[in-house]
1. Regarding the stretch 59-74, can at least one residue be identified that is closer than 20 Å to residue 15 by Cα, small (Gly, Ala, Ser) and without any contact (Cβ under 8 Å) to a residue 40 or more places away in the chain?
2. When you go through 96, 57 one by one, which is the residue that is of a type in the set (Gly, Ala, Ser) and either under 21 Å from residue 17 (Cβ atoms) or touching a His at 6+ places or on another chain (Cβ under 7 Å) (or both)?
3. List the number of the failed condition for residue 86; all other conditions in (1) surrounded by 13 or more Cβ atoms within 10 Å (Cβ to Cβ); (2) in contact (Cβ under 8 Å) with a residue 12 or more places away in the chain hold.
4. Checking the structure you have, find out if any residue of the stretch 66-87 is in contact with a Lys or Arg (Cβ under 9 Å, 6 or more places away or on another chain), among the small types (Gly, Ala, Ser) and over 27 Å from residue 21 (Cβ atoms).
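Bear in mind these aren't lab numbers, they're just calculated from the coordinates by the rules spelled out. The structure presented is a predicted model; accordingly, all values stated were derived computationally and were not measured. All Cβ positions, glycine included, derive from the backbone under ideal geometry; neighbour counts span all protein chains shown.
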Amino acid sequence: MGTETKKQRSCVVFQTFPPGQLVTIIPCTTTKSAKRFPYTCEIKASSSDNLPKDSIALIFQIRSLSMTRFGNKQGNVTMTTWKKILGLLKDYLDIAETI
């Protein structure tokens, strides 16, 4: 859409709200040089995530999109990767552990 790259890409689905209408995602790239940016997390290709190549989650590009833009679910990140992503996201959004 607009000036976005005109290709499909993997992403980490963070939240769906309201059910079936809007999805908050963290986009991924296979460009290894993206690791130079802060707030990125490497995701190793594995049988659980079904990624064709190692990828980098771009936490600093979190966004919400219409559910109509998505294809099929590819797989699941490991719990270790999920915890890393959540930790980076909390830091990026400056969310304190306690209020």
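1. Within the stretch 59-74 (the criterion being closer than 20 Å to residue 15 by Cα, small (Gly, Ala, Ser) and without any contact (Cβ under 8 Å) to a residue 40 or more places away in the chain), the answer is no, since none of the residues qualifies.
2. Details: 96 fails: either under 21 Å from residue 17 (Cβ atoms) or touching a His at 6+ places or on another chain (Cβ under 7 Å) (or both).
57 is the lone residue from the list that is of a type in the set (Gly, Ala, Ser) and either under 21 Å from residue 17 (Cβ atoms) or touching a His at 6+ places or on another chain (Cβ under 7 Å) (or both).
3. The one condition residue 86 does not meet is (2).
4. no
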